[in-house]
Amino acid sequence: MWTRAMIKDRAKSVLRFNYWKAFVVSLVLMFAGASRNGGGSNNSSNSNYSNYNGPINNEVVMVYGKVVLFIVSIWIILILLRVLIGYMLEVGGRKFFIKAAEGESDMGYLGYCFHKGRYSKVMLTMLLRSIYTFLWTLLLIIPGIIKSYAYRMVPYILADNPSIGCSRAIELSNEMTEGQKFDIFILDLSFIGWYLLGSLALIVGVLFVLPYDDATNAELYLELRRNAIEEGLTSYEELNIENIVE
């Protein structure tokens, strides 16, 4: 059974030897998922309409129409970038941290999913994961959060075996996190202090916490992966990894 102290100590040991490579990869991961942040343009638009007391003419309608079209266009572009490039970089970045934990720190893993035979499989699986999470969130916020933890290991599973299949990757992530979600939630909470401390340095300090967070999550996956193999939920062959005797 893993503990927060155990996997965070392992993460620190990994970063002791390749912190700056991990820092660059973490920045890439951050930007790869940047489009997940929502905006508040609708509220500001409503406010402007309510404060406008003059006559509404065609020019005003055209201006607002262009603003809305511009915002929607940017939103669509960000989604496309997330799907077409961000997913690949995310899985590649997770691959880097998995390998770094195993003693190999090659930043070339960022491009791992762009190779022929991996791209479409990774994109479809990650897209399906996002759709599932979104649909659960539409039900209620809490089920959406729970499912986001259930699907959390999907990028790591794909980093091990991009050809595992959409349904199987999601199913295996569910099984790996069964009974672990609350502990993972507490693990996330343990980083709040670090992020608050980092935010005191004009927000820039937050960036230096990211590698620690990412390395810790990679160590978490390795623990959950080991448990899943021992419990017969998966195998070394399915995950396309070597049976390393520790």
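The values are calculated or read from the model by the stated rules, or taken from the named source; none is laboratory data. Worth saying up front: this structure is predicted, and the values here are computed from it rather than measured. For neighbour counting, all protein chains shown are included, and Cβ atoms are generated from backbone atoms with ideal geometry for every residue, glycine included.
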- How many residues are of a type outside the set (A, V, I, L, M, F, W, C), more than 17 Å from the chain's Cα centre (by Cα) and either outside any loop (DSSP other than H, G, I, E, B) or at pLDDT 95 or above (or both) if we restrict to region 93-117? 2
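Let's see how each residue does on (1) of a type in the set (Gly, Ala, Ser); (2) in contact with a strand residue (DSSP E or B) (Cβ under 9 Å, 6 or more places away or on another chain); (3) over 22 Å from residue 14 (Cβ atoms):
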position: 164; (1), (2), (3): no, no, yes
position: 170; (1), (2), (3): no, no, yes
position: 173; (1), (2), (3): yes, no, yes
position: 180; (1), (2), (3): no, no, no
position: 184; (1), (2), (3): no, no, no
position: 191; (1), (2), (3): no, no, no
position: 199; (1), (2), (3): yes, no, yes
position: 202; (1), (2), (3): no, no, yes
position: 239; (1), (2), (3): no, no, no
- Going by the structure shown, is residue 69 part of a helix (DSSP H, G or I) and in contact (Cβ under 8 Å) with a residue 24 or more places away in the chain? no
- Query: Out of region 201-229, which residues are modelled with pLDDT of 95 or more and more than 20 Å from the chain's Cα centre (by Cα)?
  - Reply: 226, 227, 228, 229
